[in-house]
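Below is one structure; the comments refer to it alone.
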Protein chains: 2
Amino acid sequence: MTAPEERAELSLTGWGPADPHELPNAARKWLHRETGWTPRSTPAEALAAVRTAATQLPDSTSAALIEIVGDEQVRTDGPSRLRRGAGRSYLDLIRRRGGDVSGLPDAVVLPGSHDEVLAVLRRCADDDIAVVPFGGGTSVVGGLTGGAGEHRAVVALDVARLNTIDSIDAKSLLVTAGPGLRGPEFESRMARYGLTLGHFPQSYEFATLGGYAATRSAGQASSGYGRFDELVAGVRVATPAGTWQVGRPPASAAGPDLLGLVLGSEGVLGVITELTLRVRPAPEVKHYEGWSFRSLSRALEGMRQLARAELLPDVARLSDVDETRANIVLAASSKANALQALLRARGHGSGCLLIVGWEGGQETVGVRRRAASALLRRCEAVRIGRTVGQSWLSNRYSGPYVRDALLDVGLLVETLETAASWSDLMDVYDATRDALITCLSTPDTKPLVMCHVSHVYPTGASLYFTVLADRADDRPMQQWLLAKRAATDALLSAGGVLTHHHAVGIDHAPWLSREVGDLGVAVLHAVKDRLDPTGICNPCVLFGRP
Amino acid sequence: MTAPEERAELSLTGWGPADPHELPNAARKWLHRETGWTPRSTPAEALAAVRTAATQLPDSTSAALIEIVGDEQVRTDGPSRLRRGAGRSYLDLIRRRGGDVSGLPDAVVLPGSHDEVLAVLRRCADDDIAVVPFGGGTSVVGGLTGGAGEHRAVVALDVARLNTIDSIDAKSLLVTAGPGLRGPEFESRMARYGLTLGHFPQSYEFATLGGYAATRSAGQASSGYGRFDELVAGVRVATPAGTWQVGRPPASAAGPDLLGLVLGSEGVLGVITELTLRVRPAPEVKHYEGWSFRSLSRALEGMRQLARAELLPDVARLSDVDETRANIVLAASSKANALQALLRARGHGSGCLLIVGWEGGQETVGVRRRAASALLRRCEAVRIGRTVGQSWLSNRYSGPYVRDALLDVGLLVETLETAASWSDLMDVYDATRDALITCLSTPDTKPLVMCHVSHVYPTGASLYFTVLADRADDRPMQQWLLAKRAATDALLSAGGVLTHHHAVGIDHAPWLSREVGDLGVAVLHAVKDRLDPTGICNPCVLFGRP
């Protein structure tokens, strides 16, 4: 196991790493033509030079925490606090890039066991100190920037040291592990036993098991392996009210499902200190390929038919016309040019690209692939082949790195996502797109709004929007906040859900009651009050700042 | 739609119908040999002759309820109260058969809309009257016999009139319907649209959609179609605190899953007045067949391999040696004799019978069946053919009718169920069986304890025990209560869950905290207190009598 200290870290003002992606010239020109954006240098400030505010953690609390976790594991230095003080949303990055390091945790605490987490929570409850759990730092909804709320100070509780694998029941396909493990660390351990978890979100390289659970993450292969909440069989939670062990595999009808209350709780009920996960045999083969549809409506119908026939591939990722076009142009390669020519020749010049992937036993994959391919052909899709699929597979985590490059040249770059039933899906798509385009257009520029379907269900699908626009350098935060608000209002009105897999954080909190109702919010408050009576656990996310 | 009044009803002292099943002579002899049981006539008392206690419902409440739902829909006559006053557990039936009709609801109320349910709950909260929701009356865990608890009186809220189908979104495979619909009523409506829900528990003929949801039911085809909690996309709940609309298909990450709190809540939070269900295209073909394994351990390994390879049939139902033997003998037919001879010839004379069923498109069923069959053969299973499968299919709801006949001749007959991980499964099987055999043996008799695996998961499976024993005529309730307590303690200690699909009711309430922990119980109480501050909603189930 790599010691937490030796792991690659996200950069403080972006995704990283040190060696930045460069935006190719052709892409730059194309983006300029599409959006009217003026390429310019907008580098991030060097945060090393920025002074962080003095810690507000009382000395007595600090001493007590050191007593619990040890001297080394309570950190108040600037770099430690900076690293845990923000997620990676556009708003987080714009603030950071502008040198704004307000709202940092007053200290970082790294407990080494469940009991230490319990003790930290109790002490913080006694001393009125807020506790914000920290996993990978990849939140894109403000999950880490809530701050102290009405409390005296705020501590980031980093679960990095809770990174052991405690039991592997290969017979029952159940593995118990710590919340601090990152995806690649867990998968490499599983691989030794011929197992896999199969959870591959775009944040895979950095996000942690605990974060996946706390935010109800969905991975790129969730159609096949299941959303993260389906992969969790049980959790142990440290709460100010004590230890809560939840979940009994394989299945139970003993009262309501309490595990579902912990998943998606975003740290407001306590800290997940252990997870029991449902794993699977590692796939013998992975087969990824591309298909093309003539139009988005035909493509969505194809996705719906696949789901209805229970023939969904493990990965099914459908880009709309603008995203398809952008992907081909931005790839800026001879292969991409050849693909474009091929599609034009087939009458798919403004078509939609679908990436599909199957993973599993050789024979099963073959059978499923043939059946799905037959259905796709009946829906008038054209097979493009494996190169496109392999290319997607090898670039599946690259989006956030590319964003760094775009942020450096004066662009607004952000994503938002939702899901809706098949009946509402096109309305939600149109309404969201229209809202974004309206809000982000100026007399001289217009945004590029791209969308893909990332998760498909028999009842509906998710929509994942990526927005590029000329940044309003004088008011970049307000520019996005207005667009986000308009888009969220629009997608909710059209029947979309508030978030399909990004969670609530601070950014979505104002809309939570529209999604779950006032009584739903009241029920969540009742649960929180029982487990966290003084309200110290991540006090500003989910419900919003008090 | 059949009017609620015209539907077939469960008999008051058993399952029904008027025309009773008869125990064949050969079966009677075999059971005598196996158990030492003395066949005798133990008929049920005729309840028509039994006086029911006077209603305790205050006149003012009665008048207010009549104001809300109408004169016809508030009933205090004996037959109406008797019909809603018990479920169909062995304990319920033994009491009833002995003429004990204590603990009846003081009145039956049949609201015709969500708003009427809300108004009834509010009035009952004001007047301190407990409310026990009534669906099909098929509870086998005392879900209907809690009574008033500490309240002044108790009303049975029968959802029979909430039986409309309010929307069918065939494109999104989502159907919104009332909780009072029974399985066959719902399925026949779905069939007109080429759809199916696919939920077929043994109580299918009588149980209602609302009851399925309130108890987290699992059907016989749940391996394929999913447990009922997976089939629910949303519910509307009337609570004393107001209307709660929960669940947003297809999927959401906006905070914890609140839908899971309603499913399995057994009426303690309020009344489910509407469900949005995930349906599917009706299957083109259904293929059921039998297989045999040489031993239980080999058979369980075969089930585990099927699940692991994602090749589970939609129905997979594996009987242990004793249940296999009993099924063949009790069938008492020439076909059964021929089957027994065949199995002996194959060296499976004391083997385990597996029923498997596939439902779906012709081609898909063929593909899945061939792949699963190949795996079963590798696990040394022998295919017996379709006759056994068809026979199971046509008798799938007959168990409770047979029970009536067994109750008439001096037998104790009851079932209990659990689930465990594959690693714990044999321990749970042995421990439960041993406890039942020990408790129910006398110097002259021993029980017949049969078991089948009814639901299979990649992580484990369920175990469903059926017990037959010579009834202790002088203390039949105590006889079973002791055995049930010993079996439950044993299965929990060995790693089983408290209940896989029968729910908690009153019977399992003493063990709830062993399953979900004290903090889990506290969280459930906090939710209940928020939605039902005066505690009138089914006050004695789940948590037990106050």
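Hey, with R₀ at 22 Å, roughly what FRET efficiency would B:L393 and B:A170 work out to, going by the Cβ-Cβ distance, to 0.05? Please report the intermediate quantities before stating the final value.
Numbers: r = 27 Å, r/R0 = 1.22.
After rounding to 0.05, the efficiency reads 0.25.
Please report, to two decimal places, log10 I(q)/I(0) for the range B:165-281 at q = 0.12 Å⁻¹ as given by the Debye formula with identical point scatterers on the Cα atoms and no solvent.
Debye output, listed in q order: -0.38.
At 7 Å along Cα-to-Cβ for each site, give me the label-to-label distance between B:D115 and A:I66 in nm.
The two pseudo-label positions are separated by 6.6 nm.
Relative to the longest principal Cα axis of chain A, at what angle does helix A:296-308 sit, 0 to 90 degrees, rounded to 10?
The angle comes out at about 70 degrees.
Relative to the longest principal axis of the C-alpha atoms of chain A, give the angle of the C-alpha long axis of helix A:114-127, reported between 0 and 90° and rounded to the nearest 10°.
The two axes meet at around 70 degrees.
Return the carbon/sulfur percentage of the accessible area of the range B:224-373, one whole number, probe 1.4 Å, all protein chains in place.
Exposed carbon and sulfur together represent 47 percent of the surface.
Let me have the 222 nm mean residue ellipticity of the protein assembly as shown computed from DSSP H runs of 4+ only, each contributing -39500 (n - 2.57), with the sum over all residues rounded to the nearest 500.
It comes out at -11500 deg cm²/dmol, rounded to the nearest 500.
Return one quarter of the surface area of the convex hull spanned by the alpha-carbon atoms of the range B:285-393, equal to its mean projected area, in nm².
6.1
Report the net charge of residues surrounding B:R530, where surrounding means a beta-carbon distance below 13 angstrom and charges are Lys +1, Arg +1, Asp -1, Glu -1.
Summing Lys/Arg as +1 and Asp/Glu as -1 gives -1.
Percent of alpha carbon pairs in the range A:400-502 separated by more than 24 Å?
Of all Cα-Cα distances in the range A:400-502, 23 percent exceed 24 Å.
Tell me, what % of the accessible area of the range B:429-546 is carbon and sulfur with a 1.4 angstrom probe?
54
As an exercise, use a Förster radius of 25 Å and the Cβ-Cβ distance of A:R298 and A:A336 to find the FRET efficiency, rounded to the nearest 0.05.
My answer for the efficiency is 0.65.
Can you give me the orientation-averaged projected area of the convex hull built on the Cα atoms of chain B, in nm²?
24.2
For the protein assembly as shown, just list the percent of Cα-Cα distances falling in each 10 Å bin from zero outward, please.
2, 10, 19, 23, 20, 14, 8, 3, 1, 0
If you take the accessible area of A alone, add that of B alone, and subtract the area of the pair, what total do you get in Å², probe 1.4 Å, to the nearest 100? Can you show the working numbers first?
Values: alone 22150 and 22150 Å², together 38470 Å².
Summed over both sides, the interface buries about 5800 Å².
Using a 1.4 Å probe on the heavy atoms of the protein chains only, list every residue of the range B:251-266 that has 10 Å² or more less accessible area in the complete assembly than in its chain alone.
Buried by the other chains: B:A251, B:S252, B:A253, B:A254, B:G255, B:P256, B:D257, B:L258, B:G260, B:L261, B:G264.
Please work out the average accessible area per residue across the protein assembly as shown, using the 1.4 Å probe convention, and give it in Å².
35
Whole Å is fine, so just give me how far the alpha carbon centre of the range B:343-408 lies from that of the range A:300-334.
41
Using just the alpha carbons, could you tell me how many Å³ per residue the convex hull of the range B:274-326 encloses? Walk me through the numbers before you get to the answer.
Details: hull volume 8.3 nm³, N = 53.
It comes to 158 Å³ per residue, whole-number rounded.
Estimate the FRET efficiency between B:D77 and B:A46 by the formula 1/(1 + (r/R0)^6), using the beta-carbon distance for r and 25 Å for R0, to the nearest 0.05.
Plugging the Cβ-Cβ distance into 1/(1 + (r/R0)^6) gives 0.90.
Tell me, what are the semi-axes, in whole angstrom and largest first, of the equivalent ellipsoid of the range A:236-307 as set by the roots of 5 times the Cα gyration tensor eigenvalues?
Listed largest to smallest, the semi-axes of the range A:236-307 are 39, 18, 14 Å.
Can you give the net charge of the other residues whose Cβ lies under 10 Å from the Cβ of A:L173, counting K and R as +1 and D and E as -1?
+4
Could you tell me the extents of the range A:19-123's C-alpha atoms along the three principal axes, largest first, rounded to whole Å?
60, 28, 22
Too long at a 25 Å Cα-Cα cut-off: which of A:K446/A:K484; A:K335/A:K484; A:K171/A:K286; A:K335/A:K446?
With Cα atoms farther than 25 Å apart: A:K335/A:K484; A:K335/A:K446.
Starting from the Cα of A:R383, move 7 Å in the Cα-to-Cβ direction to define the label point; list residues of the range A:322-355 whose amide nitrogen is under 15 Å from there.
A:354-355
The values are calculated or read from the model by the stated rules, or taken from the named source; none is laboratory data. Values in this document were obtained by computation on a predicted structure and should not be read as measured data. Cβ: placed from backbone, ideal geometry, glycine included. Neighbour counts: every protein chain shown. The area values use the complete protein model at the heavy-atom level, side chains included, leaving out ligands, DNA and RNA. Shrake-Rupley method; radii C 1.70, N 1.55, O 1.52, S 1.80 Å.
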